[in-house]
1. Ranked from highest to lowest mean number of other Cβ atoms within 10 Å per residue, what is the order of the peptides 32-43, 186-197?
2. Residue by residue through segment 146-158, which ³J(HN,Hα) values in whole Hz follow from phi under the Karplus form 6.51 cos²θ - 1.76 cosθ + 1.60 (θ = phi - 60°), with glycine and proline marked x?
3. Would you mind checking 7/65; 166/261; 173/223 for any pair whose Cα atoms are more than 19 angstrom apart?
4. State, as an integer percentage, the relative contact order of segment 226-265 based on alpha-carbon contacts under 8 Å between residues 6 or more apart.
5. Would you mind checking the radius of gyration and Dmax of segment 254-297 based on alpha-carbon positions, in Å?
6. Starting from the amide H of residue 178, placed 1.01 Å from N in the peptide plane, find each other amide H under 5 Å away whose residue is 5 or more places distant or on another chain.
7. For segment 54-160, report the convex hull volume of the alpha-carbon atoms normalised per residue, in Å³, without decimals.
8. As I understand it, the value is the acute angle between the Cα axis of helix 243-253 and the longest principal axis of the Cα atoms of the chain; what does it come to in degrees, rounded to 10?
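Please treat every number below as a calculation from the coordinates, not as lab data. Owing to the predicted nature of the structure, the values given are computational and were not obtained by experimental measurement. Counting neighbours? That spans all protein chains shown, and the Cβs are built from the backbone with ideal geometry, glycine included.
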Amino acid sequence: MRNSAAKAVFDYCKEHNDGFLIAGDAGYGVWDDFQKELKEQYINTGINEQATIGLAAGMALSGHKVFYYNIIPFVIMRCYEQVRLDICYQNLPVILIGIGSGITYAPAGMTHYSVEDITIAKSMPGLSIISPSDPVQVQKALDYAIKSENPTYIRISRSGEPTLFKDDIDITKPIYLKEGKDKAIIFHGSIVDEVLKASKELEEVAVISMPMISPLDNDEVSKILKDHDKVFVVEEHFSDGGLGSILSDLAMEHEIDTKIKKIGIKNDYIHQIGNCEYLRQELNIDYRSIISEVQNG
């Protein structure tokens, strides 16, 4: 997914002189071609996140299309106040690309994990939030963000993910991977591989990708909730404050009588150390845990 994002940014900036990439001392190897061919449109601000957001906002106010790339803690967390006031308060169409969604930076530890970033991003009105699951969704997310007149936050995992979706998908709407009857799994982001493994043993369960976290297509999402008696929201994110909480709020607001079960990470600091596969098992978001929750839920 990271390479897909890099290609989309490179292609835009190659065709548009107003495009600028800001990389905060991150993405070595990913941006080599960009630096060689478009060096005048590449800025490395170093370890200086708050000032970087101010720079991005100023450039956007000057009419530039700005892409800011870094690992998620340095895109949406350390510089929260600047994103909130400099970008979102002024509704500037800056594109924030965060790498390392969920625990995909395992075993680097809690400093590198991004398991509360959706909660943080959702607190800023007007900020679109997209959590793609494959390279095609990343490309569609960048297409959406480039056309948008509002700020956009795109959270992606690291690299090596397979292509799952067709080029004709609409990133703003839920996407069915498998039809089902009474039960449905809704997911987003890097947990897709665990969901697909689980779905092989859950034959009658619908599987739905929902990359657009905010704003939701309320009509489409409401229809999904109404069409299924039980919905399981699987995400590599804290259970409280993620997509599961957003859908629960929507169901309550629209008086939709659907049981929503959140399968995510307990809202607690992660002290275990290990690779992503190990941590998913420890945190009960691996495919076996998903199967158990859906079958018994």
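1. By packing density, highest mean first, the sequence is 186-197, 32-43.
2. Once rounded to whole Hz, the list reads 5, 7, 6, 9, 10, x, 9, 10, 10, 9, 10, 7, 8.
3. Pairs exceeding 19 Å: 166/261.
4. Result for segment 226-265 is 61 percent.
5. Calculated on Cα positions, Rg and Dmax stand at 13.3, 42 Å.
6. Close amide H contacts, sequence-distant or interchain: 207.
7. 86
8. Value to nearest ten degrees: 70.
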